[in-house]
Amino acid sequence: MSNPISTSSDSAQIISDRLNQNCFCVTLDRRSLCDALEQEAGDPEFCETFIRPKAHLFSNVPVFISASEVAEMQGVVAAIEQAARHSAYRAAVLSWAPEISREDHGPIGALMGYDFHLGREGPRLIEINTNAGGAFLNALLARAQRACCRETDIPLKPHAFEDAAFRMFQEEWTRQRGTGVVRRIAIVDDGPEEQFLYPEFVLARQVFEARGMEAVIADASHLRHEAGGLTFDGNPIDLVYNRTTDFAFDRPRHKALRDAYRDGAVVVTPNPHNHALLADKRNLSLLSDPALLESWGLEPTHLAQLGSIPRTILVTPENANELWRSRKGLFFKPTGGHGGKAVYRGDKVTRGVWAEIERGGYVAQSLVKPSERMIRIDDGVQARKMDLRLYTYDGQVLLVAARLYQGQTTNFRSPGGGFAPVFVI
């Protein structure tokens, strides 16, 4: 007897695949998007200043996936975060983590990002990020769409993401402080106005302020650790929404943030402990090792879900020669990397690049080619690679978005590429 649930899932996936190949309708209403951005930011020049110069920040087309694929990805997220609570796993990852990462102050990491490729055998997790950018922008992007494909329904729940995000930061405060409320939050990065996603910082600030929380955007080097707390422009900061990519706060410009975090003088999320538990790429070598995970006593259901992580191993002098020989089926990433920097497909690696990789500080991950979204540019049809990002908190999905691109990694420089909303079949 056929399984009606399985049949329904297969049918939805067939439809989503067909739409990704053949649906060329433009769903993004850029005028509506600009209106929404300007209203949220409280700035009538916001779009002209921050969005129009970034021609490939948003794609005109959506990405289609099946509900079963979303459920499978959510299962992988839940299994990873369950594994991260296991004492043997924590001991292993904290053994190679920086010293500042080892103390748990309570927060579990706001707006985690789990990135997937849709492989031939289903979604495959590519990496985990603690400073996943784009969530506030994607929430508005999803609301600026025009339906043009009958098979899909765009769930419009105004401000549902923003309300959930606000509660998330309050929850992070409570996990460390127990009681009270956040009075002032700082969205912190290095030279924030120079960051590509600075518009998102402005949106996040407005989300907080619209719900009664004072918010500032701060350069990390302008923070001060004084009088037992963290300050910016002389005003105390209760909570830091951390967007820096110095995951252990090693750089001199982060001394105030590092000292205040170490002393528990400020709540920081995401923080070095969150990164050490979940986003250090070396951790994937553990999460993709079923024999090791089974020896630690992980439940069979979680073991099966973690099978969606491509096998990942640390590059060492001992295995370098073998990895060089099998490089065409591998993808190499720096263990502390971010934003697709210094990553290499094995078949593109030169001898000069390999000399850097084989010294260590890299992981080798089994190559999972991204699926494609066909788009119309001018009068021709072209393929764009796509990946999917789940923005989560405490293992629960807050938002699903996609990125379309050309080249090895997402770059926001590809015509027709950029952030794309996800329509679920």
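The values are calculated or read from the model by the stated rules, or taken from the named source; none is laboratory data. These numbers come from a predicted model, not from an experiment. Positions of Cβ are generated from backbone atoms using ideal geometry, with glycine treated the same way; all protein chains shown enter the neighbour counts. With ligands, DNA and RNA removed, areas are computed over all heavy atoms of the protein, side chains included. Shrake-Rupley method; radii C 1.70, N 1.55, O 1.52, S 1.80 Å.
The set of residues in the stretch 78-91 being touching a helix residue (DSSP H, G or I) at 6+ places or on another chain (Cβ under 9 Å), among the aliphatic types (A, V, I, L, M) and either within 13 Å of residue 125 (Cα to Cα) or open to solvent by 10 Å² or more (accessible area, probe 1.4 Å) (or both) consists of 78, 79, 80, 88. Only one entry of 170, 206, 176 meets the criterion of being in contact with a His (Cβ under 6 Å, 6 or more places away or on another chain) and farther than 15 Å from residue 131 by Cα, and that entry is 176. Pairing each residue of the stretch 248-262 that is among the acidic types (Asp, Glu) with any residue that is open to solvent by 10 Å² or more (accessible area, probe 1.4 Å), provided the two are 6+ apart or on different chains, yields C-beta distances under 9 Å for 250/98; 250/100; 250/258; 259/225; 259/265. State whether one or more residues within the stretch 228-239 are under 25 Å from residue 138 (Cα atoms) and over 18 Å from the mean Cα position of the chain (by Cα). Within the stretch 228-239, one or more residues are under 25 Å from residue 138 (Cα atoms) and over 18 Å from the mean Cα position of the chain (by Cα).
Taking the numbered list (1) surrounded by fewer than 17 Cβ atoms within 10 Å (Cβ to Cβ); (2) touching a residue at least 60 places away in the same chain (Cβ under 8 Å) in turn, residue 292 passes all entries but (2).
Return the residues of the stretch 108-121 that are out of contact with any Leu (no Cβ under 9 Å at 6 or more places or on another chain) and of a type outside the set (A, V, I, L, M, F, W, C); say none if nothing qualifies.
Quick first cut of the stretch 108-121, residues out of contact with any Leu (no Cβ under 9 Å at 6 or more places or on another chain) only: 110, 119-121.
Hits for the stretch 108-121 are 119, 120, 121.
Given the condition at positive phi, buried (at least 20 other Cβ atoms within 10 Å of the Cβ) and of a type in the set (Phe, Trp, Tyr), answer yes or no: does some residue in the stretch 253-271 qualify? So far as the stretch 253-271 goes, no, none of its residues is at positive phi, buried (at least 20 other Cβ atoms within 10 Å of the Cβ) and of a type in the set (Phe, Trp, Tyr).
Given the residues 311, 351, 325, which is the only one that is out of contact with any helix residue (DSSP H, G or I) (no Cβ under 6 Å at 6 or more places or on another chain), basic (Lys, Arg), surrounded by fewer than 17 Cβ atoms within 10 Å (Cβ to Cβ) and within 22 Å of residue 410 (Cα to Cα)? Break it down stepwise before answering.
Details: 351 fails: within 22 Å of residue 410 (Cα to Cα); 325 fails: within 22 Å of residue 410 (Cα to Cα).
Exactly one residue qualifies, and that residue is 311.
Output the residue which, of all residues in the stretch 378-416 that are closer than 23 Å to residue 122 by Cβ and assigned to a loop (DSSP other than H, G, I, E, B), is least open to solvent (accessible area, probe 1.4 Å). Among those that are closer than 23 Å to residue 122 by Cβ and assigned to a loop (DSSP other than H, G, I, E, B), it is 395.
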